[in-house]
Amino acid sequence: SGCSGLTILGIMGEAPKLEPAESRALVKQVVGRTRLPVIVGVSAPGFAAMRSLARDAMAAGAAGVMIAPVPNLRTDEQITSYFAQAVEAIGEDVPWVLQDYPLTLGVVMSVPVIARIMADHPSCLMLKHEDWPGLDKISKLRALQAEGTLRPVSILCGNGGLFLDFEPERGADGAMTGYAFPDMLVELVELHRVGKRDAAHDLFDAHLPLIRYEQQQGIGLAVRKYLLWRRGVITSDAQRKPGPPLDAAARAEVDYLLGRLARRDPRAAI
């Protein structure tokens with residue numbers, strides 16, 4: 001599909017439902033079957049588990065790891081202290097991605113806090129930006145870089161691609177999310193890169209109904225797996241329990257949206 005990297009064991013998927021041995025088997029399976037750089041989500045309630053998975057993932061050939069804050073962090077000092085301990089746990093030699101996802105985790109990281117974390121830890125090479133509203137945060141981080149108070153870092157965006165129509169215009173480098181049409185995400189980012197703004201927004205608008213439908217809390221993963229199954233990417237859309245499946249009405253709605261999308265984007269013709 002043209003992607004330049006892969007992220008596995010993230011928040012959206014079923015990583016928390018895996019046993020430790022399964023997580024490691026998945027890392028080895030993915031890293032062994034691609035030449036792309038692989039980022040491994042190692043977020044965990046405790047640092048011992050985080051360190052173990054991070055070190056094993058790097059030994060298996062991962063390019064880096066991704067760390068999200070635990071949900072009980074409230075003050076700026078708590079947040080910066082947490083990431084200092086996380087870096088100490090995994091080792092300063094491990095490249096890592098800072099995941100900023102307040103909608104799910106309830107931890108609000110301001111621009112100064114993100115800048116401080118990156119200044120304190122050179123091994124932090126990327127921000128996964130999933131704030132909402134968050135376009136202004138991207139602009140402010142890039143402004144800090146322009147004035148030389150923040151070193152260059154990559155900014156990739158998540159949230160299912162829900163704001164990818166404007167995020168590259170604000171300075172994001174691309175998408176780091178699991179919408180079931182990664183080939184569309186690649187094309188959208190490229191259209192922005194070459195300055196074809198209207199074409200980029202037209203492509204985004206065509207996919208927006210499906211992107212929006214997938215954002216429903218509780219069934220979003222079921223929608224995504226159903227779409228991937230319909231596209232022939234996976235052989236089953238089953239989820240490990242607990243996880244609500246799509247009922248017949250929801251599947252019919254997704255099929256309807258796919259049919260409408262296919263009239264504007266041939267890759268949706270299934």
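The values are calculated or read from the model by the stated rules, or taken from the named source; none is laboratory data. Please read all numbers here as calculations on a predicted model, not as lab measurements. Virtual Cβ from ideal backbone geometry, glycine too; neighbours counted across all protein chains shown. When the accessible area is computed, the model is the full protein with side chains, heavy atoms only, and any ligands, DNA or RNA have been set aside. Shrake-Rupley method; radii C 1.70, N 1.55, O 1.52, S 1.80 Å.
A few notes on this one:
- Among the residues of the range 88-116, the ones that are hydrophobic (A, V, I, L, M, F, W, C) and either surrounded by 21 or more Cβ atoms within 10 Å (Cβ to Cβ) or in a loop (DSSP other than H, G, I, E, B) (or both) come to 9 in all.
- Residue match in the range 26-49 (condition: farther than 28 Å from A238 by Cβ and among the small types (G, A, S)): yes
- Every residue from the range 232-270 that is among the small types (G, A, S) and closer than 13 Å to H207 by Cβ: A262, A268
- Among the conditions (1) modelled with pLDDT of 95 or more; (2) under 20 Å from Y101 (Cβ atoms); (3) open to solvent by 60 Å² or more (accessible area, probe 1.4 Å), the only one that P37 does not satisfy is (2).
- Between A248, A238, the distinction of being among the hydrophobic types (A, V, I, L, M, F, W, C), out of contact with any Phe, Trp or Tyr (no Cβ under 7 Å at 6 or more places or on another chain), open to solvent by 70 Å² or more (accessible area, probe 1.4 Å) and farther than 18 Å from G160 by Cα belongs to A248 only.
- Listed conditions (1) modelled with pLDDT under 95; (2) open to solvent by 30 Å² or more (accessible area, probe 1.4 Å) are all met by N159, apart from (2).
- Each residue in the range 4-38 was checked for being within 22 Å of Q215 (Cα to Cα), assigned to a helix (DSSP H, G or I) and charged (D, E, K, R), and 1 of them qualify.
- Given (1) outside any loop (DSSP other than H, G, I, E, B); (2) more than 21 Å from G178 (Cβ to Cβ); (3) open to solvent by 20 Å² or more (accessible area, probe 1.4 Å), index of the condition M50 fails: (3)
- Looking across the range 53-86, the residues that are open to solvent by less than 50 Å² (accessible area, probe 1.4 Å) and in a helix (DSSP H, G or I) come down to L53, A54, A57, A60, I79, T80, S81, Y82, F83, A84, A86.
- Scan of the range 119-130 for residues that are part of a loop (DSSP other than H, G, I, E, B) and either at pLDDT below 95 or crowded, with 21+ Cβ neighbours inside 10 Å (or both), ordered by number: E130
- Evaluation of R230 against the conditions (1) at pLDDT below 95; (2) open to solvent by 60 Å² or more (accessible area, probe 1.4 Å) shows that the sole unmet condition is (1).
- Exclusive hit being in a loop (DSSP other than H, G, I, E, B), at pLDDT 95 or above and polar (S, T, N, Q), set S1, S43: S43
- Counting the residues of the range 134-153 that are surrounded by fewer than 14 Cβ atoms within 10 Å (Cβ to Cβ) and either within 28 Å of I8 (Cβ to Cβ) or in contact with a strand residue (DSSP E or B) (Cβ under 7 Å, 6 or more places away or on another chain) (or both) gives 2.
- Flag if S81 is more than 17 Å from the chain's Cα centre (by Cα), among the polar types (S, T, N, Q) and farther than 30 Å from Q217 by Cα: yes
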